[in-house]
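Asker: Take a look at this one; I'll ask things after.
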Amino acid sequence: MTLEWPAGAAEDDQAQARTLAAVQSALFSETGAVGAEDRRQHLSFIQAVVTRMSQASSSAKSWLLPIVTVTYGYAITSKSFFVALLGFLAVLVFGVLDANYLKQERAFRKLYDEVAAGRPIPAFSMNPTLASPGGAQVNYWPDWQDVRSWAVAPVYGPLLLAGLGVSGWLLCR
């Protein structure tokens, strides 16, 4: 969230500056006044997000397996290259989605570590970019590290290879 006033929204620049300073001090002055119970609650909130990301990743894998089984199986029995291509596309989409869940989970784990260490994170902030050096911009595409991880590559790699095999077999027939 950026705290910027739109151009022409306030006629008195001094009033605008005082209001902006008051809002910023209210938001960011809480960092030093966070008690142990507040920090535990903040960590609990972050852990809940990490758990949801983990569950979403598991759910993506459990939805993909029947979709791939049906599309590859139907492609073989009906000798349809386009159905096999649809299954291959489903693996790609679910793989990117799952890698993104992993990326978000890692970002929130980093935020958890920063809050647990008592670093200056605003109280109850759920913005994982605050844990990055320099407040890195949000990138919604998974990084190569996420794609290569043990939770993504060994699951989606063989399914992609199977899709290539089925598609190749159908093209050669």
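The values are calculated or read from the model by the stated rules, or taken from the named source; none is laboratory data. Treat the numbers as computed from the prediction; the structure is a model and nothing was measured. Every residue, glycine as well, gets a Cβ built from its backbone with ideal geometry; the counts of neighbours run over all protein chains shown. Ligands, DNA and RNA are stripped out before the accessible areas are found, and what is left, the full protein with its side chains, is counted by its heavy atoms. Shrake-Rupley method; radii C 1.70, N 1.55, O 1.52, S 1.80 Å.
Asker: When you check Val155 against the structure, is it at pLDDT 80 or above and of a type in the set (A, V, I, L, M, F, W, C), yes or no?
Answerer: yes
Here's the yes/no breakdown for (1) at pLDDT 70 or above; (2) touching a Lys or Arg at 6+ places or on another chain (Cβ under 6 Å); (3) among the aliphatic types (A, V, I, L, M); (4) open to solvent by less than 60 Å² (accessible area, probe 1.4 Å):
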| site | (1), (2), (3), (4) |
| --- | --- |
| Thr31 | no, no, no, yes |
| Gly35 | yes, no, no, yes |
| Ser62 | yes, no, no, no |
| Tyr72 | yes, no, no, yes |
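Asker: Quick check, is Pro122 at pLDDT below 90 and under 18 Å from Ile46 (Cα atoms)?
Answerer: Answer is yes for this residue.
Asker: Restricted to the stretch 66-98, and to residues that are of a type in the set (Ser, Thr, Tyr) and not in a loop (DSSP other than H, G, I, E, B), which residue is nearest to Leu164 (Cα to Cα)?
Answerer: This residue is Tyr72.
Asker: So Ala131 clears everything in (1) open to solvent by less than 40 Å² (accessible area, probe 1.4 Å); (2) in contact with a helix residue (DSSP H, G or I) (Cβ under 6 Å, 6 or more places away or on another chain); (3) at pLDDT 80 or above except one condition, right? Which one?
Answerer: All conditions are met except number (3).
Asker: Among the candidates Val115, Val166, Val155, single out the residue that is within 30 Å of Tyr74 (Cβ to Cβ), of a type in the set (A, V, I, L, M, F, W, C) and touching a Lys or Arg at 6+ places or on another chain (Cβ under 9 Å).
Answerer: Of the residues listed, the single one that is within 30 Å of Tyr74 (Cβ to Cβ), of a type in the set (A, V, I, L, M, F, W, C) and touching a Lys or Arg at 6+ places or on another chain (Cβ under 9 Å) is Val155.
Condition check ((1) within 13 Å of the chain's Cα centre (by Cα); (2) of a type in the set (Lys, Arg); (3) under 30 Å from Gly35 (Cβ atoms)) across all residues:
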residue	(1), (2), (3)
Thr69	no, no, no
Gly73	no, no, no
Ile76	no, no, no
Val91	no, no, no
Tyr140	yes, no, no
Arg148	no, yes, no
Pro158	no, no, no
Leu164	no, no, no
Leu170	no, no, no
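Asker: Working only within the stretch 143-173, note down all residues that are among the aromatic types (Phe, Trp, Tyr) and open to solvent by 40 Å² or more (accessible area, probe 1.4 Å).
Answerer: Within the stretch 143-173, Trp144, Trp150, Trp169 meet the criteria.
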